[in-house]
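Each value in this text was obtained by applying a stated rule to the coordinates, not by laboratory testing. Keep in mind that what you see is a predicted model, and the values were worked out from it rather than measured. Counting neighbours? That spans all protein chains shown, and the Cβs are built from the backbone with ideal geometry, glycine included.
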There are 2 protein chains.
Amino acid sequence: MSNLTAFLDYVKDNDHQDAFIQRLSDAVAIKSVSGDPSLRSNVQDMVNWFEGQLHDVGVETQQVDLGYQNGADGQPLKVPNAILGRIGSDPKKKTVLVYGHMDVQPADQQDGWNTDPFTLTVDKDAGTMIGRGATDDKGPICAWVNALEAHKAQGLELPVNMRFCFEAMEESGGEGLDELIYTEAAKGDQGYFDNVDCVCISDNYWLNARSPIVTYGLRGIAYFEVTITGPGQDLHSGMWGNVVYEPMTDLVNLMSQLVRNDDHIMIDGAYDGISDPTPDEIAQYKAMDYTLDDLKQAVGGDVALSDDVAELLMGRMRWPSLSLHGIRGASSDDSSATVIPAKVIGKFSLRLVPPQTPEDIEKKVSDYVHNVFKSLDTKSTLTSITMTSGGLPWITDDTDWNYQAADAATKDVYDKTPDHTREGGSIPVVLTFSDALGVSCLLLPVGRGDDGAHSTNEKLDISNYIGGTKLLGTYLYKVAEADVPAKKPAGSNYGRKQRRL
Amino acid sequence: MSNLTAFLDYVKDNDHQDAFIQRLSDAVAIKSVSGDPSLRSNVQDMVNWFEGQLHDVGVETQQVDLGYQNGADGQPLKVPNAILGRIGSDPKKKTVLVYGHMDVQPADQQDGWNTDPFTLTVDKDAGTMIGRGATDDKGPICAWVNALEAHKAQGLELPVNMRFCFEAMEESGGEGLDELIYTEAAKGDQGYFDNVDCVCISDNYWLNARSPIVTYGLRGIAYFEVTITGPGQDLHSGMWGNVVYEPMTDLVNLMSQLVRNDDHIMIDGAYDGISDPTPDEIAQYKAMDYTLDDLKQAVGGDVALSDDVAELLMGRMRWPSLSLHGIRGASSDDSSATVIPAKVIGKFSLRLVPPQTPEDIEKKVSDYVHNVFKSLDTKSTLTSITMTSGGLPWITDDTDWNYQAADAATKDVYDKTPDHTREGGSIPVVLTFSDALGVSCLLLPVGRGDDGAHSTNEKLDISNYIGGTKLLGTYLYKVAEADVPAKKPAGSNYGRKQRRL
């Protein structure tokens, strides 16, 4: 019997599956909410617990002190440690680096959870496990541990060397992680990222609830605030309406000229350099397993920009977007306030695709906003147009041996060739790994599109948890078997230093 | 020596002026903030104190129980009593009804007050008295008491019969007052409003800091909320940007089509029936004592819609306006939230002038908004366009004997013929009195345009307080002397039942 077969047999065993579920249950019970300073010690508890899990399955680990961050009260707040780990250093084997995060989004039963969010509620009939972090990202990181346990328990040698990088601040800005990755990468053979051949990250989701995917691209982001001022203080609309220029009128007019409701971005040059999709590319999107019903169910309404699913998928994955998020400084409560706000700040962001960069878009947005504002012919003042944060888009070659390994593993476990997708959002750590290590990076999700990460009643299906354990373990064997070209492929990312959004 | 001369001599006396200031100081010290339920008993203390003041100067008074209102916590909250009063019932004299309010806006020294807002800070060198309510409206109601004291102390007969109506909820919706006025008016000779010939209200301000005015008109209001919905819940802009119609994009587009930044209202028919100003009317506005510098100082910036002062004054007083107040449901904090809001509510209001009515404007706004929304060609939904509150505009004949009396009194006291102005805002109680009693109503302000009512460091100049005492007292004599035509002039208001905004 091959090691792979023995691994899969172990995972198929009911008692082992119960133990896997217990592992996730233990993880969910620790309230590792990184966004709540009062729960910071629970986050560190989660780090300690997870380090123990890794240690028990044979991983050599080290916690890394990431120092302090500025707390809301101005006091320094301890950042929970990250975990670095390694198992195996056989020069004949490839080395796979795995990333995941141990922290979770906030959750309060009063927000609409049907059960206590920090008690994993397992319903074997429904096949679901409900709890905060079940799918994001405690399920996937436990799946890695499950796969290692299956080897350790049976004395099976792993087909590859493995390296681990787990953080506990992903949901709160990834404090300190970029520095850690660059520092560790710079150590070369002396660090935890020695001889890494590829990176595998399981921290996103299938497009739908049916079909596995592999992800090779991410949109970037450029977040803007435009500030318009006028009078020296808020004014009463009775006394001053039809007497003075009102900043809010100018801002609304300006914001109405940023994007059409079909999401055509009106900023000059916004689409510069973005090629139209080739027939092959369109065919690839058309072939993805995604329907209008999937979309309707996900967004809760019949509000799609098109009836053509391929167009919608391209809208999310390979075209930029612009969303108006809100206005600061204007009346936003349920009062009938009759104020003319003196200073209003419009908030909007663009999602970027290659070859767009935040720097280039910043200039284009600034020029355009200044031009439009000039055309308004107002005595209000355009005080500033500022990019408050930006992150590059990322796309890589999805045909290399790393992706072939993921495809083969998926085909083995789910009997489906996975769709290759790009995420509409940003996962900046991918760009950091790609930039720091120069190796192929891959997103290989465990959970489904309907898991409700960040929402109430977040869940992970038992079949995805078990399937994911098989998938991640099988992937290691496919990596081991792969023919790697002499020159390692590098990610085609467009720079480093991202902020997470 | 005439009674008027004796009255004025009394007011000129330094000791008496000190006592007048002490009266206002005592009034300001009572925290009668009607908007703060925790201070409700202080508001009633103020009512009791003020009733004592009236009683001491010879007014027969009665407190009127206005029942309960709904508190924020759903519990019934006692409304402070109103005060009705009378002095004199000589059928040979005219009867003047006076209105004022005893409650004030909230004030907290931390908001930027240089001194404790509830300690009247008197600076005789600067000539100012700083404190919450100094000008709005404790100064003016104390000025009435001062004038009565000057008569009582000297045994002088008043030239008119007087009636009083004071409330303590003006800053919080005027709870219960309309009902009280209509009820009392319906009692005819049996009530406190028996044989009233005219109404005098001192609860507004000079246009500037130099020249007294008399006010004969008010703009009305129509407040709207337009609700646009789309997806079933807020969405992440990374996942759904350029995939779905975004309600915020549609709302901003819609709001940009309501009003131009020169305050031209784009709603079809918005100006129906409003006549262009006659040359005489323009001349009247040109003659008003108001400069561009006055405006710049008042609004804190060079943001006037025009360099022509008459045009600006007409913009405030005799043309409607439309202001965009804000958006509910969108991101309004200082975060970089990347949300696509599922439901957004735009808030805007129009200020109305005769012959506009809230009812008519409601229909025009609704039709227009539906038409514009249709043109947006979106899958978002226009859930509702609702007028949340409305109040009629008001204008009356400013040449009648009541206004002539106010002009004459002002000329006597300030040696200036007052400009006749209209307020840009709404003071609904004026319309209620006008409608309930059918007599001439007049606004005769005590304070200046730079007093900062509702703002930090609210003040009343000592010269205005003493001048105002003289003005209100002298006005009674001018009313007494007036030749009243056989048929009483009625206000040209367009209905009853206003809400205060």
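Working only with C-alpha atoms, what are the Rg and Dmax values of the protein assembly as shown, expressed in angstrom?
Answer for the protein assembly as shown, Rg first and Dmax second: 36.2, 126 Å.
Going by C-beta contacts inside 10 Å, put A:H151, A:H264 in order with the fewest on the left.
Arranged by neighbour count, lowest to highest, A:H151, A:H264 become A:H264, A:H151.
Could you give the angle, 0 to 90 degrees to the nearest 10, between helix A:401-414's Cα long axis and the longest principal axis of the Cα atoms of chain A?
70
Compute the long axis of helix A:428-437 from its Cα atoms, compare it with the longest principal axis of the Cα atoms of chain A, and write down the angle in degrees, 0 to 90, nearest 10.
That works out to roughly 60 degrees.
Taking the Cβ of each residue in B:F7, A:F166, B:F118 as the centre, tally the other Cβ atoms inside 10 Å and list the residues starting with the fewest.
So the residues, fewest neighbours to most, are B:F118, B:F7, A:F166.
Nearest 20 debye, what's the magnitude of the dipole of the stretch B:242-368 about its Cα centre given +1 on Lys and Arg Cβ and -1 on Asp and Glu Cβ?
In debye, rounded to 20, the stretch B:242-368 gives about 480.
So for chain B, averaging the separation of alpha carbon pairs under 8 Å that are six or more residues apart and normalising by length, what relative contact order in percent results?
23
Work out the P(r) tail for chain B: percent of alpha carbon pairs separated by more than 37 Å, whole number.
Percent of Cα pairs beyond 37 Å in chain B: 33.
In whole angstrom, note down how far apart the Cα centers of the stretch B:364-382 and the stretch A:402-472 are.
Each part's Cα centre sits 42 Å from the other's.
May I ask which residue of A:V196, A:C165, A:L177 lies farthest towards the positive end of the charge dipole of the stretch A:158-201, with charges of +1 (Lys, Arg) and -1 (Asp, Glu) on Cβ and the Cα centre as origin?
Farthest towards the positive end: A:V196.
Find, to one decimal place in angstroms, the Kirkwood hydrodynamic radius of the stretch B:143-300, where the mean of 1/r is taken over every pair of different Cα atoms and then inverted.
So the Kirkwood estimate lands at 22.8 Å.
Taking N as the number of residues in the stretch A:412-465, what is its alpha-carbon radius of gyration divided by 2.2 N^0.38 Å?
1.40
At A:P355, label 7 Å along Cα→Cβ: distances to the other copies, nm, ascending?
Values, ascending and in nm: 6.6.
Of B:L460, B:V439, B:G449, which is farthest towards the positive pole of the stretch B:427-480's charge dipole, taken about the Cα centre with +1 and -1 on the beta-carbons of Lys, Arg and Asp, Glu respectively?
Value computed over the given set: B:V439.
What percent antiparallel are the DSSP beta bridges of the stretch B:90-216, to the nearest 5?
Close to 20 percent.
With a cut-off of 8 Å between alpha carbons and a minimum separation of six or more residues, what is the relative contact order of the stretch A:253-369 in percent?
It comes to 30 percent, rounded to a whole number.
Give, in whole angstrom and from largest to smallest, the semi-axes √(5λ) of the equivalent ellipsoid of the stretch A:304-368, with λ running over the eigenvalues of the Cα gyration tensor.
Over the Cα atoms of the stretch A:304-368, the semi-axes work out to 32, 19, 7 Å.
Taking Cα atoms of the stretch A:323-459, Rg/Rh with Kirkwood Rh, to two decimals?
Dividing the radius of gyration by the Kirkwood radius yields 1.12.
Which of A:P117, A:V365, A:I340 sits farthest toward the positive end of the charge dipole of chain A, with +1 on the Cβ of Lys and Arg and -1 on the Cβ of Asp and Glu?
Positive-end residue among those listed: A:V365.
Assigning unit charges at the beta carbon (Lys, Arg +1; Asp, Glu -1) and nothing else, what dipole magnitude in debye, to the nearest 20, does the stretch B:344-487 show about its Cα centre?
The dipole of the stretch B:344-487 has a size of about 520 debye.
Give, rounded to the nearest 20 debye, the magnitude of the charge dipole that the stretch B:383-449 has about its Cα centre when Lys and Arg contribute +1 at Cβ and Asp and Glu contribute -1 at Cβ.
For the stretch B:383-449, the charge dipole is close to 240 debye.
I'd like the FRET efficiency for A:D45 and A:V484, computed as 1/(1 + (r/R0)^6) with the beta carbon distance as r and R0 of 45 Å, rounded to 0.05. Before the final figure, lay out the partial values.
Numbers: r = 40 Å, r/R0 = 0.88.
E between A:D45 and A:V484, to the nearest 0.05, is 0.70.
Under the convention of a label 7 Å out along Cα→Cβ, give the distances in nm from A:D397 to the same position in every other copy, shortest first.
Computed spacing set for this position: 9.3 nm.
A 25 angstrom limit on the alpha carbon distance is what I want to check against. Which of A:K152/A:K459; A:K12/A:K286; A:K296/A:K459; A:K94/A:K187; B:K12/B:K411 exceed it?
Over 25 Å apart, Cα to Cα: A:K152/A:K459; A:K12/A:K286.
Counting each DSSP H run of 4 or more residues in chain B as -39500 (n - 2.57), what helix-only mean residue ellipticity at 222 nm follows after dividing by all residues, to the nearest 500 deg cm²/dmol?
When only DSSP H runs of four or more count, the value is -10500 deg cm²/dmol.
Between copies, how close do the A:P106 label points come, placed 7 Å along Cα→Cβ, listed in nm from shortest?
In ascending order, 2.2 nm.
In whole Å, how far is the Cα centre of the stretch B:39-54 from that of the stretch A:297-345?
50
I need to check one value: relative contact order of the stretch A:7-73, counting alpha carbon pairs closer than 8 Å and at least 6 residues apart, in percent.
17
Expressed as an acute angle from 0 to 90° and rounded to the nearest 10, what is the orientation of the C-alpha long axis of helix A:177-186 relative to the principal long axis of chain A?
Helix A:177-186 sits at roughly 50 degrees to that axis.
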